[in-house]
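Structure, as structure tokens:
The values are calculated or read from the model by the stated rules, or taken from the named source; none is laboratory data. Nothing here was measured: the structure is a model prediction, and the numbers come from that model. Backbone-built Cβ (ideal geometry, glycine too); neighbour counts: all protein chains shown.
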Amino acid sequence: MVQQSRWKIIVLVLALVFGVLLAYPNVLSQSQKDALPGWLPKNGLSLGLDLQGGSYLLLEVDVPAMRAKRIDNMVEDARVTMREGNFATNAFQREEGGVVVTLANPAQQDAALEAMRLLAGGPNQQGVQERAASRLGNDRIRYAFTDQAMSAMAATAVDQSIEVVRRRIDSLGTRETSITRQGADRIVVQAPGESDPAALERVIGQTAQLTFQMVEDDPELINLALQGSVPPDSVLMVDQDGVTPLLIKKRVLVSGEQLTRASVDSDQNGRPAIGFRFDGVGARRFAAATASENIGKRFAIILDNRVISAPNIIGTIPSGQGQITGNFSIAEASEMVNLLNGGALPAPLKVEERRTVSAELGQDAVEAGALSTAIGFVIIVAFMFLTYGFLFGGVSVIGLLLNGLMIVAAMSLTGASLTLPGIAGLILTFAVAVDANVLIYERMRDEARAGRSVIASMDAGFNKAMGTIIDANLTSLVAAGIMFVFGAGPVRGFAWTLTIGVFTSVFSSVLVAQVLLAWWLKSAKPKKLPIADAETVK
Amino acid sequence: MTWWPLIKVLPQKTNLHFVKYARYAAVLSVVLCIASIVSCFYPGLNLGIDFRGGASMEVSKPAGQTIDFDALRGSVNDLDIGDVGVQGIARRDNNIDDGSTAIVRFQVPEGRDQTQVVQQVESAITQAVGEVRYSGVEVVGSKVSGELFTSGLLALGSAIVLMFAYIWFRFEPQFGFGAVAGLLHDVILTFGLIVLLRLEFSLNMVAAILTVIGYSMNDTVVVFDRLRENLRKYKTMPLRDVIDLSLNETLTRTIITGVTAVMVLAALAVFGGEALRGFSLALMFGIIVGTYSSIYVGAPIILLWGVKRGEIGEEAKPVKLGMASRP
């Protein structure tokens, strides 16, 4: 014990240096941090949303809704293909993953199958065959997603949704938003600071499916539809005035996927409008839809099942460019433009969980946390001094200080956020950190009581207490590990603080005590153990 | 240094006969545990929205202005979304309950869109009491709350199982059973306290209980370590005396560490603000119970069970817990 091994001192000094280096940025202002040379760590503690304020959103991608929608489109595609090929059909039956077409004339099966195969198309860019047409009996054709496509659909939908959500949030100008995937079909959005949670939710909540569909203007059909018999290839909606009924063909002419750019424009009357431009495929389809045989008819521009405009076709538009006019304000127009440019969500997102904390509330929590940490610290220090005197108590207090420094350093380094329960974890860590010292000191007392010399009892104190200290701390680690695995958000912050605390506290309480007490032993050459009971000294 | 009053928490060598009172303690523990378990079903835990689903909003007006709670409750009730709870709380900035801050809690009825309902409630609140600030809003869907509840229970269950496995591995099966009995005892009593004080059972509370488990284990391990050491050292001493000796030897440490933790948590409960109060109360209570259980649940169970002594493997006889059989 007197012969202090050099490595202990080196390790301790290194811990101190790195601790200071890593914890130091926390006391600097942003401009001071920016002025630091590049090789120095600059990250301070990051505060959890409950401390700095912000929003947490757990979104679920509505995959079943997306599947249903895609299969709807398949049914319509099949309908149109059959009609265009002049195949007589008896039924279109929706089923899991696709549609079964029953032909009126089994002799046409080969030709119809060929047409459907053409509709299904080849493999996509990733080499995956998404849709396939197959023979079923002698008069039916099954047109459906392949199993591969069905199983990839959910994963792709979540990935795409994350991308879209990211673009939309970026357009809001919210900084440092983290968007992560959770489980199979969930997305977590964490936006710190004074962000407007309502705007966030509004922006994320819109699917932004833009479609162009033909309007059925035959008054007879409209009347029939109003009486309840809507043709199978159409759907009844209301015009933008909210009153006039519109009978709209289900088939999508062009959709938002073909959009290359949307922008805020103004129409000839100077009112805000939305300009758009399609890609090559979109432009061709748009030209076909506005071809001469359709002039005079109307098409509807639909955003998320809401008709925003239903203009007349006055001439063929080959350029793939156009303008959506309607009654919107500049703000509405630009929000819509942002949504369109951000792309459509492949599936609706449902908000499953939302937690918002205002920055003020977070600030209050930080203050309360800091105050109780300080008070807790003072209590521990006073108690240690009272119990073990200035020397031994002081040594544990120094260990405690190093412990605190190392916790801050480790949390800054790992970028783990400090949460409100995390602060509680920190305080508790301090309380339990002195436990290692208590165990050691009590052991020393025991040994002194048994009549050993100062050096021997101190040596034995460290050696014999070590096993207990490790056993006792491993149990805390297990508890923290479980919280980390099962817990969410703030609880994880608590678990993380506790975990870091276990390591740093064992390290600092034991090592600091060893080095400092050895030094004292060497210089003071004491005759009796200062913490020993008076009666033991003979 | 001699002038400094080093606290002698206890006389240097205590010789308390813990085991002697183990029977009384056992009766007390069993009664309290049963009461706690019963209370978890009747009246039942006060589940927070983490586990029950629904929404909780903290609304406040500037200091000095008051919120008309009845108007607020009435207007939200008009939305027909079931029970609405409105509770006044102290202001966050000065801790004064001046009627300017309230928490509004409600459930989102099955089949209604959560986002929409929340918006409707917000506008109803604005209509009833004017502009307010929403300083904290929490909305948890029924699906998520169900999952959180399951994973919370799983966390507690696996913590106990892992601790048992750990003690079994590090010590002996008897020690494992003793430790787990102590853990269950602590967890059950902490639940009892949560029900008794009507604390909200939330995710944070699960974290508190897990911490109690960690602490209780920590305490038990210290006692068991000494017990194992003494079992090797005093091979012929009766088991009950070894247990008493080990408990006495670790008593000072038990008290010092426990008192430090409890004092610090008391500071947290008083100064840490509303959000941490329940959390720190449960922790504080759990630590006290955890200390008690390492003395009166863990060790006596080993006594009842018997334990292998030293390397020779001589089996110690389980001892009958006679109340006054020993001075």
In this structure, does B:Phe175 turn out to be assigned to a helix (DSSP H, G or I), more than 22 Å from A:Thr499 (Cβ to Cβ) and in contact with a Gly (Cβ under 9 Å, 6 or more places away or on another chain)? yes
What residue, among those in the stretch A:137-146 that are without any contact (Cβ under 8 Å) to a residue 60 or more places away in the chain and surrounded by 15 or more Cβ atoms within 10 Å (Cβ to Cβ), is nearest to A:Glu95 (Cα to Cα)? A:Arg142
Regarding A:Ala436, is this residue more than 8 Å from chain B (Cβ to nearest Cβ) and touching an Asp or Glu at 6+ places or on another chain (Cβ under 6 Å)? no
Residues A:Val189, A:Val238, A:Val215: which one is farther than 30 Å from A:Phe486 by Cα and under 39 Å from the mean Cα position of the chain (by Cα)? A:Val238
Against the definition (in contact (Cβ under 8 Å) with a residue 40 or more places away in the chain and more than 30 Å from A:Ile531 (Cβ to Cβ)), how does A:Val395 come out, yes or no? no
Please work out which residue is farthest from A:Thr207 (Cα to Cα), limiting yourself to the stretch A:343-369 and to residues that are touching a residue at least 24 places away in the same chain (Cβ under 8 Å), more than 7 Å from every other protein chain (Cβ to nearest Cβ) and outside any loop (DSSP other than H, G, I, E, B). A:Val366
Name the one entry in B:Val31, B:Val38 that is closer than 26 Å to B:Ser151 by Cα, surrounded by fewer than 18 Cβ atoms within 10 Å (Cβ to Cβ), within 27 Å of the chain's Cα centre (by Cα) and among the β-branched types (Val, Ile, Thr). B:Val38
Name the pairs whose Cβ atoms lie under 7 Å apart, with the first residue in the stretch A:44-69 and within 20 Å of A:Val491 (Cα to Cα), the second in a strand (DSSP E or B) and of a type in the set (Ser, Thr, Tyr), and 6 or more positions between them or separate chains? A:Ser46/A:Ser417; A:Leu47/A:Ser417; A:Gly48/A:Ser417; A:Leu49/A:Tyr56; A:Ser55/A:Thr356
If A:Ile375 satisfies every condition in (1) more than 7 Å from every other protein chain (Cβ to nearest Cβ); (2) in contact with a Leu (Cβ under 9 Å, 6 or more places away or on another chain); (3) more than 17 Å from A:Leu45 (Cβ to Cβ); (4) surrounded by fewer than 24 Cβ atoms within 10 Å (Cβ to Cβ) but one, which is the exception? (1)
For B:Val242, state whether it is within 12 Å of another protein chain (Cβ to nearest Cβ), part of a helix (DSSP H, G or I) and buried (at least 24 other Cβ atoms within 10 Å of the Cβ). no
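Quick grid of which residues meet (1) within 9 Å of another protein chain (Cβ to nearest Cβ); (2) surrounded by 23 or more Cβ atoms within 10 Å (Cβ to Cβ); (3) in a helix (DSSP H, G or I); (4) of a type outside the set (Asp, Glu):
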position: B:Met237; (1), (2), (3), (4): no, no, no, yes
position: B:Thr250; (1), (2), (3), (4): yes, yes, yes, yes
position: B:Ile255; (1), (2), (3), (4): no, no, yes, yes
position: B:Ala261; (1), (2), (3), (4): yes, yes, yes, yes
position: B:Leu268; (1), (2), (3), (4): yes, yes, yes, yes
position: B:Arg277; (1), (2), (3), (4): no, no, yes, yes
position: B:Ser280; (1), (2), (3), (4): yes, yes, yes, yes
Set A:Leu420, A:Leu400: member being at pLDDT 90 or above, within 13 Å of chain B (Cβ to nearest Cβ) and within 24 Å of B:Thr211 (Cβ to Cβ): A:Leu400
Within the stretch B:59-76, is even one residue surrounded by 14 or more Cβ atoms within 10 Å (Cβ to Cβ), part of a strand (DSSP E or B) and modelled with pLDDT of 85 or more? yes
The correct count of residues that are assigned to a helix (DSSP H, G or I) and either basic (Lys, Arg) or in contact with a Phe, Trp or Tyr (Cβ under 8 Å, 6 or more places away or on another chain) (or both) in the stretch A:112-153 is 7
Checklist (1) among the small types (Gly, Ala, Ser); (2) buried (at least 24 other Cβ atoms within 10 Å of the Cβ); (3) more than 9 Å from chain A (Cβ to nearest Cβ) applied to B:Gly272, failing item: (3)
Filter the stretch B:102-130 down to residues that are within 14 Å of chain A (Cβ to nearest Cβ), of a type in the set (D, E, K, R) and assigned to a loop (DSSP other than H, G, I, E, B), then give me how many there are. 2
If you go through the stretch A:485-498 one residue at a time, do you hit one that is more than 10 Å from every other protein chain (Cβ to nearest Cβ) and part of a helix (DSSP H, G or I)? yes
Among the listed residues A:Arg443, A:Arg449, identify the single one that is at the interface with chain B (Cβ under 10 Å from one of its Cβ atoms) and surrounded by fewer than 21 Cβ atoms within 10 Å (Cβ to Cβ). A:Arg449
If a residue must be in a helix (DSSP H, G or I) and crowded, with 16+ Cβ neighbours inside 10 Å, how many such residues does the stretch A:167-198 contain? 6
Kindly establish whether A:Ser412 is hydroxyl-bearing (Ser, Thr, Tyr), surrounded by fewer than 24 Cβ atoms within 10 Å (Cβ to Cβ) and either in contact with a helix residue (DSSP H, G or I) (Cβ under 7 Å, 6 or more places away or on another chain) or in a helix (DSSP H, G or I) (or both). yes
All strands (runs of 3 or more DSSP E) inside the stretch A:199-269 with 1 or more residues being more than 28 Å from A:Ser334 (Cα to Cα) and at pLDDT 80 or above: A:210-216, A:234-238, A:245-249
Output the residue which, of all residues in the stretch B:77-101 that are more than 14 Å from every other protein chain (Cβ to nearest Cβ) and not in a loop (DSSP other than H, G, I, E, B), is nearest to A:Asp364 (Cα to Cα). B:Gly88
Hey, does the stretch A:463-478 have a residue that's away from every other protein chain (no Cβ under 12 Å), assigned to a helix (DSSP H, G or I) and more than 28 Å from B:Trp168 (Cβ to Cβ)? no
Test: residue in the stretch A:281-296 that is touching a Lys or Arg at 6+ places or on another chain (Cβ under 7 Å) and over 22 Å from A:Ala68 (Cβ atoms): no
Check the stretch A:162-183 and report whether any residue there is of a type in the set (A, V, I, L, M), out of contact with any Ser or Thr (no Cβ under 9 Å at 6 or more places or on another chain) and over 29 Å from B:Gln119 (Cα atoms). no
Within the stretch A:113-136, residues of a type in the set (Gly, Ala, Ser) and within 15 Å of A:Val99 (Cβ to Cβ) come out as A:Ala115, A:Ala120, A:Ala132, A:Ala133, A:Ser134
